[in-house]
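Trainee: Got a structure for you, written out below as structure tokens; questions coming shortly.
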Amino acid sequence: MSSITQGRLRAAFARRLSEMYGREVPAYRTLVEVSQEVNLDVLRRAGAGAERLGSIGRVTAERHGAIRVGTPGELRQVARIFGAMGMRPVGFYDLRDTASSAVPVVSTAFRPVTEDELATNPFRVFTSMLTPGDPRFFDAGLRGRLEAFLSARRLFPPELLELADEAEAAGGLPEERAERFLRLAVEAFALSTEPIDRAWYEELERVSAVAADIGGVASTHINHLTPRVLDIDDLYRRMTGHGITMIDAIQGPPRWPGPDVLLRQTSFRALAEPRVLREPDGRVTTGSLRVRFGEVEARGIALTRDGRRLYDDLLARADHLARETVPAAASASGGSGGSGGSPDGAGRGASARRDAVARDLWEREFPASERDLAVRRMGFFTYHAVEDRPRDGRPPVADLAELLDAGWLRAEPIVYEDFLPRSAAGIFQSNLSGEGIKDDSLTGAGYDLGLLSEAIGREVLDPFALYEAQQERSLDQAARALGLPAI
Ligand code: OOG
Ligand code: NI
């Protein structure tokens, strides 16, 4: 019997999840359609250059999802389901400490890690786990009730987990069982129609809307699915034209004339969705909750640790400078500019100012070309020996800049496959209804990549190490092809 490989399971899962989410959240369908229009326009405008950071086939199918779970046990089960589809936990994100927008979760992303698997389908899922043990958010009483609630629920049917283990061990599943696995896996992330205990949900919501979304219900669900777009500024304008209110900003690096790096993201506000509620007197009613939303992203070149440091530094300085240049009238009246009088006007004005400041800073300090990113060792590339370079009698020398400039080496960007903690916190926060509460006089337990690995029972991989290994492999190969000891 023919077997469905992990890569095909992943591609099918991503497609079916997207179909389901499109039925659940119609604005997501608009987002996908508009993204596709934008991508085709970029292709028309820029030709083959448009595909430098990914083929149009890959980019059109590309999505990331986000889910949220409550306990290490649930996270381990999620890891088995994604493991079946060739997705490994990569990166550690602590969203409890992000300055203006703390959320009581720690996160990782499940994604394929090899070049082949990424090319088959790069589907990734940002996965967050609640931290009920963090006293800054939960007092002892609430923690106890929250943990009791979470330990009594079951997110995934045993049959799904068994099929997942089989797929992971065997590298895939025979057709019929693959079908069963996919059906159960997609169902597990559908929005449940089970009544939600309103009093419990609201108690958690006072602490954090994310805590309520995770621990206030007996199931989990996909929180958003994000298509990839080649021109996010154009998409932002078009969505606004469709009457969909986007958040104030595009998170991440500014738009600028230099190379696209890392990740730029934006989203539209959580949509109110009808949900079944159980009132304190036992009556079942239909209410509405705003937790799910639409998000879109543009991906660029992965940065090395040095590149990332510069990125973080420029972002912090841009924030600082933007605050200093707030026009006096705006700070006095709580904001001016933007789209005159709309509740978002002030936010847009501030974010436009910040963008201008950031862009200015980048034009002065960030490597302005792919070549400079490569030579300053700030961006990751795969390097390829140019075998048919015209020979001019001069042998190649083992120096990256010279090899690139003399045409011995060609550099192809490695696309950033991960997330940004600050953008993630911004995406979480911009879609929350209330501020939540956090007592900063207390300290939360430290969490890191190692502890998260223990919680999952699998090694959480370091994204920098993955990009680095890929770059090194290509350099070794290129050095051999050019007859050099090393580059
Ligand atoms: C996850 C938010 C982070 C991203 O793209 O940075 C995220 C969530 O809302 O659960 O998805
Ligand atoms: Ni997202």
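Trainee: With T245, T266 as the choices, which residue is more than 15 Å from ligand 2 (Cβ to nearest atom) and farther than 30 Å from T71 by Cβ?
Mentor: None of the others qualify; the one that does is T245.
Trainee: Among V207, V217, which is buried (at least 19 other Cβ atoms within 10 Å of the Cβ), more than 16 Å from ligand 1 (Cβ to nearest atom) and among the β-branched types (V, I, T)?
Mentor: Working: V217 fails: more than 16 Å from ligand 1 (Cβ to nearest atom).
Just a single option satisfies the conditions, and that option is V207.
Trainee: Enumerate the strands (runs of 3 or more DSSP E) found wholly within the range 43-133, keeping only those where 1 or more residues are at pLDDT below 95 and among the acidic types (D, E). Can you show your working first?
Mentor: Values: elements: 63-69, 88-94, 105-111, 124-130.
Qualifying strands (runs of 3 or more DSSP E): 88-94.
Trainee: Right, something else. For L314, which of the numbered conditions (1) in the same structural domain as R359 (by TED's automatic domain parsing); (2) touching a Leu at 6+ places or on another chain (Cβ under 9 Å); (3) under 20 Å from I414 (Cβ atoms) fails to hold?
Mentor: Single failed check for L314: (3).
Trainee: A further question follows. Could you tell me whether any residue of the range 465-479 is touching a residue at least 24 places away in the same chain (Cβ under 8 Å), within 27 Å of T127 (Cα to Cα) and touching a Leu at 6+ places or on another chain (Cβ under 8 Å)?
Mentor: no
Trainee: I'm checking my understanding of the structure. Among residues of the range 37-87 that are over 19 Å from the mean Cα position of the chain (by Cα) and of a type in the set (S, T, N, Q), which one is nearest to T382 (Cα to Cα)?
Mentor: In this case the residue turns out to be S55.
Trainee: Name every residue in the range 193-235 that is among the hydroxyl-bearing types (S, T, Y) and within 16 Å of ligand 2 (Cβ to nearest atom), in order of residue number. Please lay out each step first, then the result.
Mentor: To start, the set of residues in the range 193-235 that are among the hydroxyl-bearing types (S, T, Y) comprises 193, 201, 208, 219-220, 226.
Passing the criteria: T220, T226.
Trainee: If the Cβ limit is 7 Å and pairs must be 6+ apart or interchain, which residue in the range 174-185 that is without any contact (Cβ under 8 Å) to a residue 60 or more places away in the chain pairs with which residue that is of a type in the set (D, E, K, R)?
Mentor: So the pair list comes out as L184/E159.
Trainee: Listed residues S339, S331; which is in a helix (DSSP H, G or I) and modelled with pLDDT under 90? Give the steps one after another, and end with the answer.
Mentor: On the way: S339 fails: in a helix (DSSP H, G or I).
It is S331.
Trainee: Another question, then. Could you grab me the full set of residues in the range 284-301 that are within 14 Å of ligand 1 (Cβ to nearest atom) and modelled with pLDDT of 90 or more?
Mentor: Residues of the range 284-301 that are within 14 Å of ligand 1 (Cβ to nearest atom), as a first pass: 290-299.
Passing the criteria: E295, V296, E297, A298, R299.
For (1) among the β-branched types (V, I, T); (2) within 16 Å of ligand 2 (Cβ to nearest atom); (3) part of a loop (DSSP other than H, G, I, E, B); (4) not assigned by TED's automatic domain parsing to the domain that holds L466, each residue gets a yes or a no:
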| residue | (1), (2), (3), (4) |
| --- | --- |
| R389 | no, no, yes, no |
| R422 | no, yes, no, yes |
| A425 | no, yes, no, yes |
| K438 | no, no, yes, yes |
| T443 | yes, no, yes, yes |
| G446 | no, no, yes, yes |
| L451 | no, no, no, yes |
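Trainee: Just checking, does the range 52-68 include any residue being among the aliphatic types (A, V, I, L, M) and closer than 22 Å to G450 by Cβ?
Mentor: no
Trainee: Quick check on the range 358-374: of everything there that is assigned to a helix (DSSP H, G or I) and under 24 Å from the mean Cα position of the chain (by Cα), which residue is nearest to R52 (Cα to Cα)? Lay out the reasoning, then the answer.
Mentor: At the first step, the residues of the range 358-374 found to be assigned to a helix (DSSP H, G or I) are 358-365, 370-374.
Add one more test, that the residue is under 24 Å from the mean Cα position of the chain (by Cα), and what stays is 358-359, 362, 370, 373.
Numbers: A358: 25, R359: 23, W362: 22, E370: 12, L373: 16 Å.
Ranking the candidates gives E370 first.
Trainee: Turning to a different aspect of this structure: All but one of (1) outside any loop (DSSP other than H, G, I, E, B); (2) buried (at least 20 other Cβ atoms within 10 Å of the Cβ) hold for E417; which doesn't?
Mentor: Every condition holds for E417 apart from (1).
Trainee: Something else about it: Between I56, I67, which is within 13 Å of ligand 1 (Cβ to nearest atom) and either outside the structural domain of H221 (by TED's automatic domain parsing) or under 21 Å from V296 (Cα atoms) (or both)?
Mentor: One residue alone meets the criteria, I67.
Trainee: Give me a count of the residues in the range 120-144 that are out of contact with any Pro (no Cβ under 9 Å at 6 or more places or on another chain) and touching a residue at least 40 places away in the same chain (Cβ under 8 Å).
Mentor: Total satisfying the criteria: 5.
Trainee: Report, by residue number, each residue of the range 381-393 that is charged (D, E, K, R) and either in contact with a Ser or Thr (Cβ under 8 Å, 6 or more places away or on another chain) or touching a residue at least 12 places away in the same chain (Cβ under 8 Å) (or both).
Mentor: E387, R389
Trainee: Within the set of pairs 6 or more residues apart or between chains, which connect a residue that is more than 15 Å from R177 (Cα to Cα) and in contact (Cβ under 8 Å) with a residue 60 or more places away in the chain inside the range 6-26 to a residue that is of a type in the set (V, I, T) and surrounded by fewer than 21 Cβ atoms within 10 Å (Cβ to Cβ) with Cβ atoms less than 7 Å apart?
Mentor: Hits for this filter: G7/T120; A11/T120; R16/V186; L17/V186; M20/V186.
The values are calculated or read from the model by the stated rules, or taken from the named source; none is laboratory data. Every value quoted in this text rests on a predicted model; they were computed, and no experiment measured them. So basically every Cβ, Gly included, is an ideal-geometry build from the backbone, and we count neighbours across all protein chains shown.
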